[in-house]
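These notes are about the structure you will find just below.
The values are calculated or read from the model by the stated rules, or taken from the named source; none is laboratory data. Since this is a predicted model, take the numbers as computed values, not measurements. In this analysis, Cβ positions are derived from the backbone assuming ideal geometry, glycine residues included, and neighbour counts consider all displayed protein chains. Quick note on the areas: whole protein, heavy atoms, side chains included, nothing else; ligands and nucleic acids left out. Shrake-Rupley method; radii C 1.70, N 1.55, O 1.52, S 1.80 Å.
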Amino acid sequence: MKPAVAERCLGNRPGLGPLPVERSRALPRGRRAPVSAVARPGKAGLKGNSKGGVPAASKRSQGATRALSPAMVELETASLQISQTPEWKALEDHVTEIEQTHLRVLLRDAKRSEFLFHEHNKIISDFSRQRVTEKTIELLINLADRAKLRKKIDAMFNGEKINLTEDRAVLHVALRAPRNQQIFTDGADVVPEVWQVLDKIKSFTDKVRDGTWLGATGKPLTDVVAIGIGGSFLGPLFVHTALRTEQTAGEEAKGRNLRFLANVDPVDVARALNGLRPETTLIVVVSKTFTTAETMLNARTVRTWLTAELGKEAVSKHMVAVSTNLKLVKEFGIDPENAFAFWDWVGGRYSVCSAVGMLPLSLQYGFDIMEQFLKGAHDVDDHFRTSPFGENIPVMLGLTGVWNTTFLGYPSLAILPYTQALSKLAPHIQQVSMESNGKGVSLDGSKLSFEAGEIDFGEPGTNGQHSFYQLIHQGRVVPCEFIGIVKSQQSVYLKGEVVSNHDELMCNFFAQADALATGKTPVELRAENVPDSLIPHKTFTGNRPSTSVLLPELTAYTVGQILSLYENRIAVQGFIWGINSFDQWGVELGKVLASKVRAEMNMCRTQDRKVGPSDGFNHSTTKLLNRYLDGKARLLYPEPEDVFPCDLIDADHCRPPTSYQ
Ligand SMILES: O=P(O)(O)OC[C@H]1O[C@](O)(CO)[C@@H](O)[C@@H]1O
């Protein structure tokens, strides 16, 4: 064992005063500039809201470096100043009308309820508990028309480069297109390429599952660890969680294990690898870019775990990759033969239907089950692309989302599935929705005059009821989406109980939506002899909007349907708000600043520096960073090359956790 060294950089050094405030620095070479810094001549001189100026789209067409197709100019123009249109104004005026109604009253109108009840391929959606009337829906559809929603949907499905800031098509819908469909972008049909990769996934996963593909020591690979973060993690985790207890999928997964490693926290590494043996483990490194810091460090860490026991040659049998960047996959040491490609027209958060999800999930459940998932997603894509807006479930979800967020002023959405199997739906949708629509400028770069985006959160019922439902019943108004299932994945009916366990769960699904909508009045409370002093506390104002979605069962097929409902719902919102839902510049700044801190920490370690961070940090950061480094300086670590963050996993390979001097 090498001698332990104390890592000390910024101790309690006298005279370490406040440091200069942050200075702006040039972006490192090779790093893309944030959108505001990208040269966009068409936008030159257009400050803030484009109100009153020449529309940015036409400015762009006068002097843009990258010409937009006439169709895209039309769509960009349709996105400008949507809030200045008569259709928008009509909805603003309509708010006053709606405020004079109460859901308690609206729900008495059976004709209205019928109008707001929709069904597609056994998915039932009930919008009658939204604060809307037939007129509201008509006005929302007028707004959708003004925003050219139909053309935008068509542009997406037709492979137009609607992701303007990255000059990319948005074609995740092609990932679930049947073999015989044609979808073109840049003049080429992408469907054959999609199926080439799907066929490769089927062939590889069949071999691993039937034991034709063995590990370095000749053992079958029964355990899979998928390393990836964000879109390369949340979607696959959602689907895996949804299928674990489904009967057919469960049968197919017998004797197999699928785990995820996302966080760069060594604690997550320890938990992901706990109890696994390298000789029976297959590692899938999932990263669209193959540059994400967290994923790459985790991949190097797990590669070390693997090769420490099995030797370097084991990588070819035990590590595979999913990426659009096959060059970096090769440089990492993974055989390109063992790489599964996808394309820049698939956004990370929309990638679960690509090899990102299909590879790890097919290893666990078999390709045939996962093909059902693709079919379910395609079914809803088709419904979305072809149905009239008023009967189109993703469009209705999107329109009511815009109504609640932008016009009624309710910024959040609670996603409340009444099945534990959908417990990872809300975390996945959080990323899809908030990374897509959390934007402050419209497509042309002008500042929005309203707030776009939605704050999404959620928990399965009934757990949520014992957590945050108090607030949604009597505190803030939070629109809710309830998801119920007719046939549970697991059936339990105890002798002597009045209802089955699943019915018990579903009683709550029905009750909560009505409790939110109708509430309870002081008059009703008095009739129940509630003491006057308690009446204000026990009153439920009601009038709290929700949508209920009911599915026949939760299978790979219906999980695919749910995914497409949400992905397309979110696209509708973005199309109406006139923003680019398919870029994510907002995640860049934090990454750049983390690199600065990393460089500083590395300097401290390698140069045993006796001075604190010298530039680029503000006083607060310097102070806290000093405290962190000072605390670390008191810890005893083994030599860096021996520090292996699997202390909790395998005593043979690991040092004990650090201790205090
Ligand atoms: O798949 P990658 O390239 O590792 O990126 C992971 C995630 O990081 C982000 O770029 C930012 O969080 C997401 O959009 C993406 O899903």
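What to note about this one:
- Per residue, the stretch 352-490 exposes 30 Å² of solvent-accessible protein surface, assessed with a 1.4 angstrom probe and all protein chains in place.
- The stretch 86-153 versus the stretch 281-349: alpha-carbon centroid distance in Å: 47
- C-alpha center-to-center spacing [the stretch 371-391, the stretch 565-603] in angstrom: 27
- Inter-part distance, the stretch 406-474 to the stretch 181-260, computed on C-alpha centroids, equals 29 Å.
- Entries of Lys111/Lys520; Lys487/Lys538; Lys161/Lys375; Lys200/Lys596; Lys152/Lys327; Lys148/Lys375 with Cα pairs more than 31 Å apart: Lys487/Lys538; Lys200/Lys596; Lys152/Lys327
- Working note: Karplus 6.51/-1.76/1.60 with θ = phi - 60° gives the stretch 523-535 the couplings 4, 4, 5, 4, 4, 9, 6, 6, x, 3, 4, 9, 4 Hz, where Gly and Pro are set to x.
- In the context of the full set of protein chains, residues of the stretch 232-281 present 44 Å² of accessible surface per residue (probe radius 1.4 Å, heavy atoms only).
- Packing around the peptides 583-591, 516-524, 300-308, taken as the average count of other Cβ atoms within 10 Å per residue, puts them in this order, highest first: 300-308, 516-524, 583-591.
- Apportionment of accessible area to carbon and sulfur, the stretch 193-291, percent (1.4 Å): 50
- For peptides 505-513, 368-376, sequence by mean Cβ density within 10 Å, most packed first: 368-376, 505-513
- Surface calculation, 1.4 Å probe, protein heavy atoms: Ser488 sits at approximately 40 Å² accessible.
- Around the amide H of Gly484, modelled in the peptide plane, lie the amide H atoms of Tyr418, Val549, Leu550, Leu551, all under 5 Å away and 5 or more residues distant in sequence or on another chain.
- Backbone phi angles across the stretch 245-259, fed through the Karplus curve with coefficients 6.51, -1.76 and 1.60 (θ = phi - 60°), yield HN-Hα couplings of 9, 7, 4, 5, 4, x, 4, 5, 8, 4, x, 10, 9, 10, 10 Hz in residue order; Gly and Pro are listed as x.
- Using the average count of surrounding beta-carbon atoms within 10 Å as a protection proxy, the listed peptides 276-286, 86-96 rank, highest first, as 276-286, 86-96.
- Ordered from highest to lowest accessible area with the whole protein assembly present and a 1.4 Å probe, Lys135, Lys495, Lys327 read as Lys495, Lys327, Lys135.
- Straight-distance candidates among the lysines for linking to Lys207, with alpha-carbon spacing under 21 Å and chain neighbours fewer than 8 residues away dropped: Lys219, Lys254, Lys317.
- Derived scalar couplings ³J(HN,Hα) [the stretch 435-443; Karplus, 6.51 cos²θ - 1.76 cosθ + 1.60; whole Hz; x for Gly, Pro]: 6, 7, 10, x, 10, x, 10, 7, 3
- Residues whose amide H falls under 5 Å from that of Ala226, counting only those 5 or more places apart or on a different chain, are Arg259, Phe260, Leu261, Val284, with hydrogens built in the peptide plane.
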